[in-house]
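Scroll down for the structure; my scribbles are underneath it.
Read-outs throughout are calculated quantities, based only on the coordinates presented, and are distinct from any laboratory measurement. Given the structure is predicted, the values throughout are model-derived calculations rather than measurements. Ideal geometry is used to build each Cβ from the backbone, glycine not excepted, and the neighbour counts take in all protein chains shown.
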Number of protein chains: 2
Amino acid sequence: MNLSRTAYVVLGMLAVAGDRSGYGIRGAIETSVGYFWGESYGQIYPALKQLSAEGLIKAGGKPGKQKRQAYRITPAGRAVLRDWLAAPFQNDPPRNEFLLKLFFGAEADPSVAIEHIRELERRNLQSLRAMEEIEVLAPKVNAGEPGLKYWMLTLRLGLAMNRAALEWGKEALAELETDGRGNGASGSAAKK
Amino acid sequence: MNLSRTAYVVLGMLAVAGDRSGYGIRGAIETSVGYFWGESYGQIYPALKQLSAEGLIKAGGKPGKQKRQAYRITPAGRAVLRDWLAAPFQNDPPRNEFLLKLFFGAEADPSVAIEHIRELERRNLQSLRAMEEIEVLAPKVNAGEPGLKYWMLTLRLGLAMNRAALEWGKEALAELETDGRGNGASGSAAKK
DNA sequence: CGTGGCATGTAAACGGTTACATGATTTA
DNA sequence: TAAATCATGTAACCGTTTACATGCCACG
């Protein structure tokens, strides 16, 4: 009867965001924890089934009906969620393809690394804008929510990391671009 | 004939770190890109086999011998590596269990979130120390290496992220701890 | 010579994404 | 009522970790 992490996320979402269907849970995940956690339907629906079987959530409303079957967390579910929250968190395996390609940068033309960094800056800037918007909206939309304090904390870590990465990118570009002027070093001719 | 990302990492390591065995490749990955990429033997050995079959690397030395069979990247292998480096990098799916638990913080006793943040600070401080050591050692050990410039760039992004996270942690703790003095809000009694 | 660690490899299990199938509801 | 979209679900596939099996070598 081991629960997957997906199951815990589902449990958590039902706890903090109220009764929802599988579809609704997916949406809630994307718009709230989306920048540090993801789940697909292929995970969520089986998890709902299991949680139901364990009595940690229960389906509400019209049973025979095929339409937005909403689930509610049970007291037993809340207890299981609390236990999981108190357990030590695990460091997820690091996987950053950008850094990997940058690390091997000397194997390609210098322009390759530069372009990757520019692309990273673009993506970071975009998600920074999105987070900044949420930063001003969330307190208004969720005024009074007991979870707000924690939601803002996660958001602020995201903002801090994003800004740090953006800052790094500026310096990195400056370094690589001035390098390029002096010499065309360490490159290899394009082949394609 | 599609190559997995593992295969590219192997290729890259053979390119920048010289001839190595599967065991040696694993070690090189851990000590160089370990903080943003990981591979297990269960991935590496099959990848070596495939790369060999494709002619992108070739086994050197005593063939029948069962001992540290080292591989070398071929010119074809370098070409494939270059092409991969030039292709757009993908954003890896985000998975941060710490942030997830923090997000659900209101469902548990306030001390839970505080303890998690303290633990995060500990881990971050430790990896910061390690990176700072590498920062001073790497230029001496790898003087003259064409890749050094890029290695230092990845390292500096790691340092920047780490410091930003550490800074965030201090503020987050200050916020949560002063909160705790005023009221024991939003908690739920321990049950276990 | 035997024990422990180095090194290679494989099989099973797991977690996760993707693609597909299908029904229900909305809208034009 | 046709088309588009919402919603649920399943099966196949892929990447990855884990556990296990095994042989080689160095050292006592």
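Some notes on this structure:
- Of all residues making up segment B:72-93, the number that are at the interface with chain A (Cβ under 7 Å from one of its Cβ atoms) and farther than 22 Å from B:W37 by Cα: 1
- For segment B:144-158, filtering for residues that are more than 11 Å from chain A (Cβ to nearest Cβ) and among the acidic types (D, E) leaves 0.
- Looking across segment B:81-103, the residues that are in contact with a Leu (Cβ under 6 Å, 6 or more places away or on another chain) and of a type outside the set (A, V, I, L, M) come down to B:F98, B:K101.
- A:V141 meets each of the listed conditions (1) away from every other protein chain (no Cβ under 12 Å); (2) in contact (Cβ under 8 Å) with a residue 24 or more places away in the chain; (3) of a type in the set (V, I, T) apart from (2).
- For segment B:1-26, residues that are away from DNA strand C (no atom under 14 Å from the Cβ) and in contact (Cβ under 8 Å) with a residue 60 or more places away in the chain total 6.
- Hits in segment B:27-60 - residues which are among the acidic types (D, E) and either within 10 Å of DNA strand C (Cβ to nearest atom) or surrounded by fewer than 14 Cβ atoms within 10 Å (Cβ to Cβ) (or both): B:E30
- Taken over segment A:94-129, residues that are assigned to a helix (DSSP H, G or I), touching a residue at least 12 places away in the same chain (Cβ under 8 Å) and at the interface with another protein chain (Cβ under 7 Å from one of its Cβ atoms) amount to 7.
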